[in-house]
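Working notes for the structure below.
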Amino acid sequence: MITLPEIKKSFFVSLWFMFLTFPIMVVRVNPIEKAVEWRWKNLLLVGVGSFLLSFVWRYLFKRKEAGKKKEEAGYDSGAKSFFHIILAEPKIYKPFLIGIAFFALAFPFIFSIYQTNIMTTALIYVMLGLGLNIVVGLAGLLDLGYVAFYAVGAYSYALLNYHFGLSFWLALPIGAALGAFFGILLGFPVLRLRGDYLAIVTLGFGEIIRIILENWNEFSFGPSGIANIPRPGFLGIEFSLQGATTFMYFLMIVLTLFTVFVVNRLQNSRIGRAWIALREDEIACQAMGIDKTKTKLTAFALGATWAGMVGVVFAAKTTFINPASFTVWESIIILCIVVLGGMGSVIGVVFGALILILLPEYLRAFSEYRMLIFGAVLIIMMVFRPGGVISSVRRTYRFEGLTGKRDKTGI
Amino acid sequence: MKTILEVKNLTMNFGGLCALDRIDLDISEREIVALIGPNGAGKTTFFNCITGIFPPTEGEMFISPPGKQRKSIKGLKPNQVTENGLARTFQNIRLFQNMTVLENVMIGRHCRMSSGIAGAVLRNRATVEEEEAVVEESYIILQKIGLSEYVNEFAKNLPYGAQRRLEIARALATEPFLLLLDEPAAGMNLRETKELDELIVRIRDSEGVSILLIEHDMKLVMSLSDRIFVVDYGKKIAQGKPEEIQKNPVVIKAYLGEDFDA
Ligand SMILES: Nc1ncnc2c1ncn2[C@@H]1O[C@H](COP(=O)(O)OP(=O)(O)OP(=O)(O)O)[C@@H](O)[C@H]1O
Ligand SMILES: [Mg+2]
């Protein structure tokens with residue numbers, strides 16, 4: 001039922017929105033004719049739109065609150081979402097997975113180079129998200145300077161290739177190793193910090209790396225960057241542009257699968273357990289004999305390793321890098337991927353990356369409102385699904401009898 | 001009997017507050033010792049000092065694990081103390097709430113396992129076997145503590161008494177020779193307290209561990225302990241057998257206030 005107070009509330013909401021959007025939606029200055037356009041129609045649209053949306057919003061909010069109460073009252077299964085039900089049922093998700101696999105294989109042959117390129121970029125972010133997920137989602141360390149390790153990887157390939165002609169395939173492990181090295185280097189002093197302090201220090205570190213790259217001309221060629229980085233070869237085959245794009249795409253598919261595999265295994269291991277415990281309670285964790293520093297450092301270094309590796313791929317894909325690709329904004333996007341997708345959840349992060357990278361691309365049609373929609377989606381997501389699109393339902397170790405047979409259920 | 005823990009002259013200052021003032025304490029093999037005192041006496045601080053959470057201002061701490069050399073545990077990190085065979089529970093329950101009961105105990109086994117990143121990724125034979133063994137060992141510990149019915153539950157869904165016992169199970173999983181229990185009976189009802197009493201004796205007998213417990217429930221303390229140490233305002237005011245402590249006027253005065261004439 002819609003009551004009078006609700007209508008009144010929505011009315012004020014729409015007034016407020018009209019006021020807020022007035023400068024951007026209504027007033028347009030035309031500098032050529034030196035005139036001001038008043039687009040009153042837009043005002044009406046915003047008013048009616050926000051009036052109606054506020055009802056939807058309230059309805060969703062009520063539903064969410066009701067769900068929460070149910071959960072508190074002990075109806076546990078109520079928390080299971082649509083995704084979790086699908087993912088728990090092999091009969092449903094297996095054909096689904098096979099479908100996705102076929103689609104992924106056929107993608108570069110169906111769509112244009114442009115589309116394939118966008119998808120490759122999205123996969124790069126999937127990998128970055130999965131790497132950061134180790135640090136943020138599993139170990140609970142808020143790292144805002146993740147992009148620094150990405151830069152380390154990219155520049156290590158670019159510079160090693162420029163000076164010594166190192167090939168992509170050699171640079172890949174070297175980039176990963178350098179990422180790990182820098183991860184440990186930064187991790188040692190900062191990992192004794194907690195939460196917000198860690199976030200600030202890593203943020204600073206990310207900027208330091210970028211500023212060094214921007215200003216140390218002799219080393220990194222400054223803001224003009226490094227061009228003509230070779231694409232990866234494969235058994236000496238010369239690729240056309242089309243071929244190279246397709247190859248890059250498949251390379252990323254393989255690397256992404258590899259990442260999913262590794263992250264999954266790590267999650268369900270002695271170290272993965274320690275990370276989760278560390279996130280839950282540091283003091284109890286130490287009292288159980290877990291070396292806090294070492295465990296955190298492992299997570300941090302592993303995350304950095306992945307960033308380093310992806311950095312090499314990025315350099316090879318774009319064939320040109322400069323410090324502008326490694327701003328704080330990138331770190332924030334990657335963090336958004338992890339948080340929006342669902343911290344600690346591998347499938348969630350994959351989804352998050354695809355949404356966050358593909359959405360702005362395909363929203364280009366809405367050009368000027370692109371970022372507005374993007375922001376709105378983020379806010380709505382966080383209000384209604386604070387755990388992420390596919391919140392993490394961890395595989396828990398289950399005991400099924402003293403036979404040594406152990407079964408893991410869950411997602 | 002062999003002494004397994006010696007604490008000498010332990011002092012802990014928080015700024016101007018002297019939470020522990022030159023405390024001496026010792027525990028022998030297979031002994032159950034209680035540490036009692038009014039609220040704020042410094043009991044938990046004592047635990048925090050020996051388990052490495054706070055570095056003590058002054059004093060010495062030595063352990064002599066069965067079959068090993070006597071060594072100082074001063075300056076060790078908490079996880080190193082645990083590796084050396086001291087395990088503890090917490091006054092305010094500190095379980096890993098979003099992990100299952102089994103996983104909580106498995107975390108306790110962490111320091112007795114060895115597989116690393118490579119093992120986790122490759123999942124080689126040694127790792128798989130170690131993981132399987134850990135699951136079984138953890139289950140056996142849960143059986144001993146009487147928690148096997150909850151094995152796959154999340155820790156947060158356990159009744160209060162069971163959570164307290166899970167803390168003990170988790171501590172036992174680290175293979176300690178000395179178990180430090182901080183108010184294990186807090187919040188338990190009469191029946192649960194009685195079960196805890198039996199459980200503690202059983203752990204001592206079957207595992208051969210010594211136990212140092214902080215407790216406010218005097219009935220439990222008197223029935224369990226071989227010896228009692230009493231602290232008040234950070235100072236040790238008495239030590240001895242339960243019967244001696246019960247009659248000690250200094251202890252009675254500390255508990256009942258200055259005005260009380262015994
Ligand atoms: N981290 C700390 N910083 C400053 N003061 C502290 C700290 N921890 C404990 N104290 C102080 O030390 C004194 C002893 O505290 P402690 O927790 O050891 O008491 P307790 O004997 O365990 O009491 P209870 O029976 O209530 O658990 C108290 O006055 C307390 O305020
Ligand atoms: Mg206390």
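A few notes on this one:
- Test result for residue B:36, within 13 Å of ligand 2 (Cβ to nearest atom), of a type in the set (Val, Ile, Thr) and at pLDDT below 95: yes
- Given (1) away from chain A (no Cβ under 12 Å); (2) within 21 Å of residue B:140 (Cα to Cα), number of the condition residue B:160 does not satisfy: (2)
- A single member of B:182, B:226 is among the acidic types (Asp, Glu), away from ligand 2 (no atom under 16 Å from the Cβ), touching a strand residue (DSSP E or B) at 6+ places or on another chain (Cβ under 8 Å) and touching a residue at least 60 places away in the same chain (Cβ under 8 Å), and it is B:226.
- Checked against (1) buried (at least 20 other Cβ atoms within 10 Å of the Cβ); (2) more than 14 Å from chain A (Cβ to nearest Cβ), residue B:208 passes all but a single condition, namely (1).
- Residue in the range B:10-30 that is nearest to residue B:208 (Cα to Cα), counting only those that are assigned to a loop (DSSP other than H, G, I, E, B) and in contact with a Lys or Arg (Cβ under 7 Å, 6 or more places away or on another chain): B:30
- Residue B:158 vs. criteria over 23 Å from residue A:276 (Cβ atoms), away from ligand 2 (no atom under 16 Å from the Cβ), at pLDDT below 95 and among the hydrophobic types (A, V, I, L, M, F, W, C): no
- Only one entry of B:151, B:121, B:105, B:135 meets the criterion of being touching a residue at least 60 places away in the same chain (Cβ under 8 Å) and not small (Gly, Ala, Ser), and that entry is B:105.
- Of the residues examined, residue B:66 is one that is more than 28 Å from residue B:15 (Cβ to Cβ) and either more than 7 Å from chain A (Cβ to nearest Cβ) or touching a helix residue (DSSP H, G or I) at 6+ places or on another chain (Cβ under 8 Å) (or both).
- Unique match (being in a helix (DSSP H, G or I) and under 14 Å from residue A:399 (Cβ atoms)) among B:162, B:169: B:169
- Just one of the listed residues (B:85, B:15, B:59, B:52) is more than 9 Å from chain A (Cβ to nearest Cβ), among the small types (Gly, Ala, Ser), in contact (Cβ under 8 Å) with a residue 24 or more places away in the chain and within 16 Å of ligand 1 (Cβ to nearest atom), and it is B:59.
- So residue B:77, is it in contact with a Gly (Cβ under 6 Å, 6 or more places away or on another chain) and within 16 Å of ligand 2 (Cβ to nearest atom): no
The values are calculated or read from the model by the stated rules, or taken from the named source; none is laboratory data. Bear in mind that the values here come from a model prediction, so they are computed numbers and not experimental data. No Cβ is skipped: glycine too gets one built from the backbone with ideal geometry, and neighbour counts run over all protein chains shown.
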